[in-house]
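Q: I'd like to ask you about the structure that follows.
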Amino acid sequence: MSFCLNFPLFLLVGSLLSAVLSCALEKNAARILCMALTITSFAANLVIGIYTYRTGQNYTYLMGHYPHPWGNELRIGLTEALFSAAFSLILFLTLLGARKTLIQRVQQDKGRFYYCMCDLVQAALLALVYTNDLFTGYVFIEICTLSSCGILMIRENGKTILASVRYMIFSLIGSGLFLLGVIFLYGITGHLLMPNLRESIAGLSADGTYALPLLASMCLIVTGLSVKSGLFPFHIWMADTYGAAIPGSSGILSGLVSKGYSFLLIKIIFDVFGTDVFYASGIHNVVFALGGLGVIVGSVSAIRENNVLRMCAYSSAAQIGYIYMGLGLSPVLGMEAALFQILAHAFTKPALFLSAGYLTDSMGGAKKFRNLTGAAHVNPAAGAFFAFGAFSMIGLPLTMGFIVKYLFGAAAFESTHLKLIPTLLVLAVSTVLNTVYFARAILHFYTKNPNPDVYSKVRVREQKTYILSASVFAALNLFFGIFAKPLIDILAGALSVF
Amino acid sequence: MKILMLFLILIPALSGALLPVFRMKRKGNLIYTGAALLVSLVLAFVLLFASEAELVLFSMTDKLRVSLHLDLLSKVFMGLAACGFPLAGFFAFRYMEHEEKEGSFKETTFYSFYLLTLAALFGMDLSGNLIAMYFFFEMLTLLSMPLVLFERTKESIAAALKYLFYSVGGAFLGLAALFVLAVYAPSLDFVPGGYLGGAGAEASEAHRTLLLVMSLLGIIGFSAKAGMYPLHGWLPTAHPEAPAPASAVLSGIIAKAGVLAIIRLLYYVIGPNFLRGTWVQITLLSLSLLTVFMGSMMAYREKNLKKRLAYSSVSQISYALFGLFLLNPAGFSGGILQVLAHAAAKICLFLTAGSFIYHGNKRMVSDLRGIGKIMPLTLIAFTLASLSLVGIPPFSGFVSKWFLAQGALESGISVLSWLGPVILLISALLTAAYLFPITVAGFFPGKDYQEEARNREGGALMLIPLMILAVGTLLLGVFSGFFSGLFEQGFAALF
């Protein structure tokens, strides 16, 4: 059983190798390789998860058996296993569901590069979750940035290139800030491994030495990662990017890539700064305020949008705001809510983007609502899954979205009264706004039967893989929405040993 | 017996969801829908005689349990839904024949959502805790919205969206109250008398202000569905746009789900003792009285019949809320009786308004001159229901208002104890002023009236439900002693 301790290394090396290998393969072979990789990673992480659940503690994996300060370490516990399993599964399902659009939209000779980029994203996500070393974290942040740019601009038309350049600029600013933060930390502590850093930072903050550089590095790291995941006011790249990219790419970016950064930030807060130091610095108040504003601004922008993909993009901005709001709210329940929100949004958004994509495809590529009236009659499956995703976003009971709201409500009472009212207000306003724009979209899709001569009904046969993937997404969402307790317990337990 | 509760929800839910799958002809659809409604009625009737029961469906977390529970209050509201839905449904079988137009939903879609709405209502009635009730409340909003936008014109979609926003926004306020109660109340299961303010509730004393504010917000939130000021705006917009049977159940039964939610929150979780005599009670009483008066005033000025009836609902449902907010036994009995009396009368009134539209597209009050010559039986039903709504003895509306006035006088709240009955009286006069002229002008149109074809009644499917409802308002009044005795005894544990 203890052999499974090696799995993280195998997965990382395997992903990087298959990325290289994909360039030499045919498109179909590359696809099969990528799918096999993601599903293997899911299974392997489940095994690691079971192992760590049994032993009840984290373990540190020395890559190359060099001890610190030379070595490069991974650290895996139940949370890490859970999140990397979830990320792998979501990547698998998104690629499965996007298969038809990928065949149609991506030129035949480019297809293998798309899967090569997906392999790299997979490697980067795993590394961001596993890493115990800030510099490894930085390296994979860059890999993640570059590969997600590749995923975005695979269509190679003017709009997507512009969008991915914009995305790259924002992303690089983010990673630059992160790197600066890491350099500062290295300068004042001399360490890059997380446990050593934590020890020295606890010492520094107790002495009061290097208070300013420490604060500056915290600010830089938090800002860098939040720019990358698209926290307000750095969310402005989202609408153009997700609006122009193919739906599968938008799903991967909003469902996974930005979540990887958020998870890394949470890990850094716990393992590098320590919650005591971080929550004494006051940065969390800024994060909380920006998160709350992001929720409201994202929702308002979504209401004003009349393009369905851009609307979903703004909705992502709002949902990311929730993660940061939870992070700023309180160290225990708030973090729990933020982690749960990462999973809830990752399980919902890719399916939502895919469904929106299939709806627009069935109406001849129209993206504006007024050209999409009746789309759900042309493509009933996509309409139904879109509606389900929307219900989860609104937060109806039995979906994960409801549990998120409940956890935020509970966390709000744990924090100070100064944050209680704003949190409840943001929840209230965002619920109503979410209902407004999703109800409008659904009504557009379901009103008026479109002319049957122009639009022929999409059959189940034509989108088998999409229906399979969307139903798994929906089933998982319902399952964790109804039986949320085990998941919440795991998260709570994980936070206590983080 | 327990599993019957689940069946009661599942039968209309499944039959509604499967209706479009079968692709039957119109006749098949009608028989299917009618059968589903009648089976639900029989099942509900059996449950009326069942003893109290509890059934836990599943738990999300320790506190977030979803359970079903059958008690007297569930039985009252379940009986209301089970009787009202078939009556309006059979009316719809004839009425909806002509409603299917270019661009509108198919008639099948209407019946499908009609049955699903009934399932959500049963779910609300049988909920055993706040979580389950919140879930069914949201479901009810979503599933009843398509009834409003049946015609899918721009106006009806706008009206449906307005309904959605008011209800969802209100439900969120309820959810916020739920969050607070999840922290400070020992459990979210419904217990007569509630958790706060009783013995051993020190936590509620320490956070008194917070709990009071959140209770107020929660109650106001759920009152959106019941149409209490300031969240009453959707009623007059949604009702004229919906087809008549839909407005009938919307106003007669679905809006009552808001009342049920308030009773559950106020009497079964928060507890009347916690709120009695506080500024929250005064605020709620003032809001409900304001709504009673304002609704009647608006109804009096309105020329469109269905809109007038919608404003009348705003006013009449707040009568019931006024009784509930008095927090004493007489007020409570009056509130419940008013719910029943208003449901019977208002379903009848909306269905007669539908009959007028069905025969000759008469929507405005001025069109109804001489209608008594054309449709005498329909207008008689209209008149009987109006008598009950105004509160003339021996109709049920009189009894409920009697209890309400008695409750107000007993309450001992300084100004409101006498101002309440006064406003109830003024509103009753206004009700008479906006309903009776229709009857008068209908039967006695005056000399210059050009006679139209006589006796074009709506046929058995439309007339029989009207007659049953009209007689029902009378019978409810005649046998009100039985009901008030039952309520006084059954709800004694609440106080």
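Q: If I filter the range A:414-426 for residues that are under 23 Å from the mean Cα position of the chain (by Cα) and at the interface with chain B (Cβ under 10 Å from one of its Cβ atoms), do I get at least one hit?
A: Yes, the range A:414-426 contains at least one residue that is under 23 Å from the mean Cα position of the chain (by Cα) and at the interface with chain B (Cβ under 10 Å from one of its Cβ atoms).
Q: Can you report the number of residues in the range B:76-105 which are within 16 Å of B:Ser40 (Cα to Cα) and either hydrophobic (A, V, I, L, M, F, W, C) or free of Cβ contacts under 8 Å to residues at least 40 places away in the same chain (or both)?
A: So the answer is 12.
Q: Please go through the range B:424-442 and pick out each residue that is in contact with a Ser or Thr (Cβ under 9 Å, 6 or more places away or on another chain) and surrounded by fewer than 20 Cβ atoms within 10 Å (Cβ to Cβ).
A: B:Ile426, B:Leu429, B:Ala432, B:Ala433, B:Phe436, B:Thr439, B:Ala441 - these are the residues of the range B:424-442 that are in contact with a Ser or Thr (Cβ under 9 Å, 6 or more places away or on another chain) and surrounded by fewer than 20 Cβ atoms within 10 Å (Cβ to Cβ).
Q: Here is a follow-up. Being more than 18 Å from B:Leu30 (Cβ to Cβ), in contact with an Asp or Glu (Cβ under 8 Å, 6 or more places away or on another chain) and modelled with pLDDT under 90 narrows it down to one of B:Lys106, B:Lys101, so name that one.
A: That would be B:Lys101, the only listed residue that is more than 18 Å from B:Leu30 (Cβ to Cβ), in contact with an Asp or Glu (Cβ under 8 Å, 6 or more places away or on another chain) and modelled with pLDDT under 90.
Q: Of B:Leu14, B:Leu64, B:Leu57, which residue is surrounded by fewer than 19 Cβ atoms within 10 Å (Cβ to Cβ), within 30 Å of A:Phe483 (Cβ to Cβ) and within 14 Å of chain A (Cβ to nearest Cβ)?
A: B:Leu57
Q: Any residue at all in the range B:28-45 that's more than 22 Å from B:Leu4 (Cβ to Cβ) and buried (at least 19 other Cβ atoms within 10 Å of the Cβ)?
A: yes
Q: Restricting to the range A:198-226, count the residues that are surrounded by 15 or more Cβ atoms within 10 Å (Cβ to Cβ) and within 20 Å of A:Gly176 (Cα to Cα).
A: Qualifying residue count for the region: 14.
Q: Pairs please, first residue from the range A:413-434 and farther than 13 Å from A:Gly326 by Cα, second anywhere and basic (Lys, Arg), Cβ atoms under 9 Å, 6+ apart in sequence or on different chains.
A: A:Thr431/A:Lys405
Q: Looking at the range B:370-400, which of its residues are surrounded by fewer than 21 Cβ atoms within 10 Å (Cβ to Cβ) and assigned to a loop (DSSP other than H, G, I, E, B)?
A: Matches in the range B:370-400: B:Gly370, B:Ile392, B:Pro393, B:Pro394.
Q: If we keep just the residues of the range A:417-456 that are closer than 21 Å to A:Lys349 by Cβ and of a type in the set (Val, Ile, Thr), which is surrounded by the most Cβ atoms within 10 Å (Cβ to Cβ)?
A: A:Thr435
Q: Out of the residues in the range B:145-186 meeting the condition of being facing chain A (nearest Cβ under 7 Å) and among the β-branched types (Val, Ile, Thr), tell me which one is surrounded by the fewest Cβ atoms within 10 Å (Cβ to Cβ).
A: B:Val183
Q: Let me ask something additional. Please work out which one of (1) over 18 Å from B:Phe135 (Cα atoms); (2) in contact (Cβ under 8 Å) with a residue 12 or more places away in the chain is the condition B:Lys25 fails and give its number.
A: For B:Lys25, the failing item is (2).
Q: Let me ask something else about it. Only one of A:Phe340, A:Phe353 is buried (at least 22 other Cβ atoms within 10 Å of the Cβ) and either among the hydroxyl-bearing types (Ser, Thr, Tyr) or within 12 Å of another protein chain (Cβ to nearest Cβ) (or both); which?
A: The conditions single out A:Phe340.
Q: Here's a follow-up. With a cut-off of at least 3 residues that are free of Cβ contacts under 8 Å to residues at least 12 places away in the same chain, name the helices (runs of 4 or more DSSP H) lying wholly within the range A:185-281.
A: A:194-207
Q: Now a separate question. Would you mind finding the one in B:Thr117, B:Thr141 that is within 19 Å of A:Leu443 (Cβ to Cβ) and more than 14 Å from chain A (Cβ to nearest Cβ)?
A: Step by step, each of B:Thr117, B:Thr141 is checked, and only B:Thr117 is within 19 Å of A:Leu443 (Cβ to Cβ) and more than 14 Å from chain A (Cβ to nearest Cβ).
Q: Say whether the condition of being more than 23 Å from the chain's Cα centre (by Cα) and part of a loop (DSSP other than H, G, I, E, B) is met by at least one residue in the range B:205-226.
A: yes
Q: Hey, another quick one. Is it the case that A:Arg54 is closer than 30 Å to A:Arg155 by Cβ, surrounded by fewer than 22 Cβ atoms within 10 Å (Cβ to Cβ) and not polar (S, T, N, Q)?
A: No: the conditions fail for A:Arg54.
Q: Among the candidates B:Leu409, B:Leu430, B:Leu425, which residue alone is assigned to a helix (DSSP H, G or I), in contact (Cβ under 8 Å) with a residue 60 or more places away in the chain, on the phi < 0 side of the Ramachandran plot and not polar (S, T, N, Q)?
A: Going through B:Leu409, B:Leu430, B:Leu425 in turn, the sole match is B:Leu430.
Q: Within the range B:254-307, which residues are closer than 18 Å to B:Leu72 by Cβ, β-branched (Val, Ile, Thr) and in contact with a Gly (Cβ under 7 Å, 6 or more places away or on another chain)?
A: B:Val269
Q: Let me ask something additional. Any residue that is at pLDDT below 85 and either within 14 Å of chain A (Cβ to nearest Cβ) or crowded, with 24+ Cβ neighbours inside 10 Å (or both) - is there at least one of those in the range B:85-95?
A: Scanning the range B:85-95, I find no residue that is at pLDDT below 85 and either within 14 Å of chain A (Cβ to nearest Cβ) or crowded, with 24+ Cβ neighbours inside 10 Å (or both), so the answer is no.
Q: Quick check on my filter: what residues within the range A:99-109 are surrounded by 16 or more Cβ atoms within 10 Å (Cβ to Cβ) and either out of contact with any helix residue (DSSP H, G or I) (no Cβ under 6 Å at 6 or more places or on another chain) or assigned to a helix (DSSP H, G or I) (or both)?
A: Passing the criteria: A:Arg99, A:Lys100, A:Thr101, A:Leu102, A:Arg105.
Q: Also, quick follow-up: Under the condition of being among the hydroxyl-bearing types (Ser, Thr, Tyr) and part of a loop (DSSP other than H, G, I, E, B), which residue from the range B:169-199 is farthest from B:Ala17 (Cα to Cα)?
A: Selected residue: B:Tyr195.
Q: Here's something else I'd like to know. Inside the range A:457-466, can you point out the residues that are surrounded by fewer than 18 Cβ atoms within 10 Å (Cβ to Cβ) and part of a helix (DSSP H, G or I)?
A: Scanning the range A:457-466 gives A:Val460, A:Arg461, A:Glu462, A:Lys464, A:Thr465.
Q: Evaluate the range B:128-138: report whether one residue or more is within 10 Å of chain A (Cβ to nearest Cβ) and among the acidic types (Asp, Glu).
A: yes
Q: Of everything in the range B:67-76, what is surrounded by 19 or more Cβ atoms within 10 Å (Cβ to Cβ), within 15 Å of B:Val191 (Cα to Cα) and more than 14 Å from every other protein chain (Cβ to nearest Cβ)? Give them in sequence order.
A: Matches in the range B:67-76: B:Leu68, B:His69, B:Leu70, B:Asp71, B:Leu73, B:Ser74.
Q: Oh, and also: Scanning for something among the charged types (D, E, K, R) and more than 13 Å from chain B (Cβ to nearest Cβ), does the range A:442-457 turn up at least one residue?
A: yes
The values are calculated or read from the model by the stated rules, or taken from the named source; none is laboratory data. Since this is a predicted model, take the numbers as computed values, not measurements. Reconstructed Cβ throughout: ideal geometry from the backbone, glycine too, with neighbour counts over all protein chains shown.
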